[in-house]
Every structure is written in C-alpha cells, then in structure tokens.
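All remarks here apply to the structure that follows.
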Amino acid sequence: MSGKHNWPYAYNVLELYISEQICITINIIRRRANAMTPKGRIGLQAALKCNGGEHINHSLFRENLVPNNGDGGKLSFDNFQKEFSKAVLGIQGSGWAWLGVNPQTKVIEITTTANQDPLLTHYPVVGVDMWEHTFYLQYQNVKPNYLEAIWNVINWKEGEERHTDAVQKGVDAGLNVL
Amino acid sequence: MLSITRNLARPALARAFAPPSATAALHTLPELPYSYDALEPYISKEIMTLHHTKHHQTYVNGLNAAEDALSKSKSVQEKINLQSAINFNGGGHINHSLFWTNLAPSSGDGGKLPSGPLKDAIEKFFGSAEDFKKQMNAQTAAIQGSGWGWLGYNKSSKALEIVTTANQNPLLSHSPIIGIDIWEHAFYLQYKNVKPDYLNAIWNVINFKEAEKRFLEVA
C-alpha cells in the first residue's frame, strides 16, 4: 500500500468498523487466543479476517508501536490512548495528531501538526485527522467518542511497516506517498 | 483582556466579560437573542444548538479554568504557559459572543442593510453591498484551516476592511463590525464541504442593524 495512492477498500467496510462493535469483539477473541493451543490459534485466524480482511487489529504490532512512558517502560495501550487524546485536545483549530519516529533518537513519539501541514519533524507512522469534517457528521463535538472508535480501524500492519522502515532504514514514509 | 472589552460597548457583552478580580469572577454563556430555530432555513436548529450549548460553552469553561489557573500561578513561566489557553478560550468566548448578536432571524433584522452610515461606508469602500459580500465570502472561504472572516473598522486609516483571523484569535487589529465563523462546526452538518452555500446563505441572517450600532460606536 505504501507508495501507491489509492483507496484499498469499500467505503462501507470502514463504516462497519466505526459504527459497529466487530473489531472490539475481535480484540477480545485475540486475547483469549493467547491461551489456546497453536492449532486452535490458527483456526482462529480465519475468523479474525473480517469484511475484506486487510485491517486486522494486530495486538503485537500495536504494542510495538506504543510509545514509552517517562520511566522508560512501555505505555499500556489504555495509557497510550489517554496520552494521544491529550495531544489531540491540545490542537487549537484544525490539525492532525501523529505517532511518529523521532529521526535523531529513533524513538516513537506522539506529536501534532496544524491545519494541513505535513509532518516534517518525525517519520510518520500513524496519522489521525482531527479536522472537524472527519468526525462531525457522526460524532458532532464529542471528539473522545471519535478517538475511541478510530483505533478499531487504524491499519497497524501499515504502521508497523512504516515504523520498521523508519527505524532500520531511516526511510520517511511521507516522502514516498505521492 | 480589559482593552478588548473596551471595544465591546454592548452592556450584555460587558456583563459576560466580568473583569478578573482577586477571586476571579466567572464568565458565563450569554443567552441567544432568539430561539435555536430562528435562523432557519439558513442556519439549522441543530447547528445553533450544538454551536451555542456545546462549542461556545466549552470556550467559557476553558476560559474560566485558564483564568483560575492564572490567578493561582506563581512563576512567570507558569503564566506564560497559560497564555495559549487564555488566547484560545478567551478568543472563542469573544468571537462567539459577537457572532450571536450579529445574527438575527430573516423575519426580523436579519439580511436587511438599512440606508444609513454603514451602507454608505460599505458602498464607499467596496463599491456596492453585493461586491462587499462577494469579497467577504472569497476571503473567508480562503482561510486555510479554522478561523473567522471579519468586516472590521481600521481606526488609523478610518477605513472598513475585510480581515481574517485564524482559529479563535480575536480580532485585535480592527474593531469588529461583522464576524462570520468558518470553523467546520459552524456549517458542516447542514452544508457539508460546500462552504460557498453556507457563505451565501448566512447573509440572510446577518444583523446589519447591530453592525451599524458597532460601526457608529467606533467610526
């Protein structure tokens, strides 16, 4: 998907993810899968590919991408969501919130950009559009509901690829997207 | 903050902007001068309700919190750190308070530019009322991000000018005469991405009588 600018899935596929609980259920299944036998886990893979299946909420990738907390340990995903929401609420106007790799330290960090400014200070890993047009029809002013929902449709596999390219090869995904 | 309130001579607005004191006086959400559906069909009841009770209320709450923190802050660093919250929430409170009173139902003062000093000044500086609206719409639509379009009075050059502000920055370079909110929450539910439709519609509910009052106070 990187390097090619097309829309890889039908519009209503995302709608299912944001408006229904399918992927939340999948996360619960995944956690239970950790306790199963290898054979059982393989059987579960098919069930976990939902509605065109490229966008599995891969907990392994997701946890690799969660930034560190101040004490040097990894943030839990819940704490990461809280930190991300804090950053989002700091945007005064239109803008984007990002997970990005710091080019000097190679550490993944949360950052924001204003309006449509591209992310130049970090290598982009995951971007979340916070312009009101992105969520207003469905969530109106209630940004926290949008922020909670969108994690169900973030493409962590793509994020992992960008992260690996950034950390291992110093490749900026933003330079190759157009 | 006090220098901004001097430009707002309306008593209702002055009440809403109580000057800070040792026990910081609380800002409150001003009431709309009309019902939530009064600006239909040009601005929907749904938008007016959310815009006033949620968005504007949030700026009021944010301003109170920021001023409270400011009054309790000890270091200069802390005070500087609070400036962006005061700018954003204070600007949001000012801008929206000005907005509600520069709108009016089309069955009342909305959309009617009476003969008089304001009409004369608009024709002097823009050629005609239609040309003024076209230019205001063009400049407002061209804002890259969130912001406001303004008809403002330049006190030094004694001219009416169209200016824009970004985000919730208050209009400080000019005296505000007419403001138009171009944040997406102001129109998206009704007009989606079609900003020109919103900008054409809003002129039916612009309160030119209030605009003229403001103009006469500063010109």
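The values are calculated or read from the model by the stated rules, or taken from the named source; none is laboratory data. Since the model is a prediction, treat every value here as computed from it, not as a measurement. Positions of Cβ are backbone-derived with ideal geometry, glycine not excepted, and every protein chain shown enters the neighbour counts.
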_Criterion: under 21 Å from B:ALA201 (Cα atoms) and at pLDDT 95 or above - qualifying residue of B:SER75, B:SER106_ = B:SER106
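Scan the range B:166-186 for residues that are more than 12 Å from chain A (Cβ to nearest Cβ) and part of a loop (DSSP other than H, G, I, E, B) and report the count.
So the first thing to find is which residues in the range B:166-186 are more than 12 Å from chain A (Cβ to nearest Cβ), and the list is B:170-180.
Okay, now just the ones that are also part of a loop (DSSP other than H, G, I, E, B), so B:170-174.
Of the residues in the range B:166-186, 5 are more than 12 Å from chain A (Cβ to nearest Cβ) and part of a loop (DSSP other than H, G, I, E, B).
For the condition in a helix (DSSP H, G or I), surrounded by fewer than 22 Cβ atoms within 10 Å (Cβ to Cβ) and within 14 Å of chain A (Cβ to nearest Cβ), what is the one hit in B:LEU189, B:LEU216?
Values: B:LEU216 fails: within 14 Å of chain A (Cβ to nearest Cβ).
Testing whether each residue is in a helix (DSSP H, G or I), surrounded by fewer than 22 Cβ atoms within 10 Å (Cβ to Cβ) and within 14 Å of chain A (Cβ to nearest Cβ) leaves just B:LEU189.
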*Qualifying residues in the range A:161-173 (those that are surrounded by 18 or more Cβ atoms within 10 Å (Cβ to Cβ) and in a helix (DSSP H, G or I)) - the one nearest to the other protein chains (Cβ to nearest Cβ)*: A:ALA173
*asked:* Just the residues that are assigned to a helix (DSSP H, G or I) and either at the interface with another protein chain (Cβ under 10 Å from one of its Cβ atoms) or surrounded by fewer than 17 Cβ atoms within 10 Å (Cβ to Cβ) (or both), please, taken from the range A:89-147.
replied: A:LEU89, A:GLU132, A:HIS133, A:THR134, A:TYR136, A:LEU137, A:GLN138, A:PRO144, A:ASN145
*List every residue pair whose Cβ atoms lie under 8 Å apart, where the two residues are 6 or more positions apart in sequence or sit on different chains, the first residue falls within the range B:132-151 and is surrounded by 19 or more Cβ atoms within 10 Å (Cβ to Cβ), and the second residue, located anywhere, is in a helix (DSSP H, G or I) and among the aromatic types (Phe, Trp, Tyr).*
B:PHE132/B:PHE125; B:PHE132/B:PHE126; B:LEU151/B:PHE132
_Test: B:PHE208 is away from chain A (no Cβ under 11 Å), touching a Lys or Arg at 6+ places or on another chain (Cβ under 9 Å), aromatic (Phe, Trp, Tyr) and closer than 27 Å to B:TYR59 by Cα_ = yes
*Failed condition for B:ASN200, given (1) over 15 Å from the mean Cα position of the chain (by Cα); (2) within 14 Å of chain A (Cβ to nearest Cβ), with all others met?*
(2)
